[in-house]
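First comes the structure, then the notes that go with it.
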Amino acid sequence: MTTIDALGQVCPIPVIRTKKAIEGLGEEGGVVAVLVDNDIARQNLQKMASGMGLQSEYTQKENGVIEVTIVVGEGCVLENDQTAEDSGLVIAIGRDTMGEGSEELGRILLKSFIFSLRELTPPPTHLLFFNSGAQLTSSDSNSLEDLKAMADQGTSIQTCGTCTNYYGISDKLGVGEIANMYGIVTIMAGAKRLINI
């Protein structure tokens, strides 16, 4: 049995760690037990297991600890070997926050969103950044590590040149390449699936 201590970790880290552990079991299968300390994490873990076709159950322990147990049967094939080239997923990010309301919370959510994108299989084909979203590809962005990891997986990262000029960050591009609006529109128009933030 593999045990993951995800106590105190916020979404989506418990789910991502668990998914990696499940995929690492191979064809032999096995059991993954995850320790979390809130019911939202428990629900997210069980939804992920259900989405993967796996059985799960949970036990309430002492001090608010919840143990989620996921069983992976022998011969269960979970890995997806598709590449970025055939995912057809394009994500356009036109702001440096996610959603409406608190800007601080919006920045936290967008960082978590980008971190979660890094874990997608297959990864997005393209990430497009424009308006204040262009700041996310600068060398001082707190999402730079995740963006570089996606670029290494084959995701094309393009940032609007007009936007980097406007914000005075053209010389601080930390990942990907500068694009023009025609190129961005062409990529969006050719997308199989498009998410616009």
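The values are calculated or read from the model by the stated rules, or taken from the named source; none is laboratory data. All values derive from a computational prediction rather than experimental measurement. Glycine gets a Cβ as well: all are built from the backbone with ideal geometry, and neighbour counts include every protein chain shown.
Only one of (1) in contact (Cβ under 8 Å) with a residue 40 or more places away in the chain; (2) more than 18 Å from MET181 (Cα to Cα) fails for GLY133. Which number is that?
The single condition GLY133 does not satisfy is (2).
So, in region 20-49, exactly how many residues are without any contact (Cβ under 8 Å) to a residue 40 or more places away in the chain, farther than 16 Å from ASP5 by Cβ and of a type in the set (D, E, K, R)?
Residues that pass the stated criteria total 2.
Kindly provide the set of residues from region 1-19 that are in contact (Cβ under 8 Å) with a residue 24 or more places away in the chain and farther than 17 Å from PHE113 by Cβ, ordered by number.
MET1, THR2, THR3, ILE4, ASP5, ALA6, LEU7, GLY8, THR18
Out of the residues in region 1-48 meeting the condition of being buried (at least 16 other Cβ atoms within 10 Å of the Cβ) and part of a strand (DSSP E or B), tell me which one is modelled with the lowest pLDDT.
Here the answer is GLY30.
Could you please tell me which pairs satisfy a Cβ distance under 8 Å, a separation of 6+ or placement on different chains, a first residue in region 169-192 that is without any contact (Cβ under 8 Å) to a residue 24 or more places away in the chain and under 21 Å from SER139 (Cβ atoms), and a second residue that is of a type in the set (S, T, N, Q) and crowded, with 17+ Cβ neighbours inside 10 Å?
Close Cβ pairs satisfying both conditions: SER170/THR164; GLU177/GLN158; GLU177/THR159; ILE178/GLN158; ILE178/THR159; ILE178/THR164.
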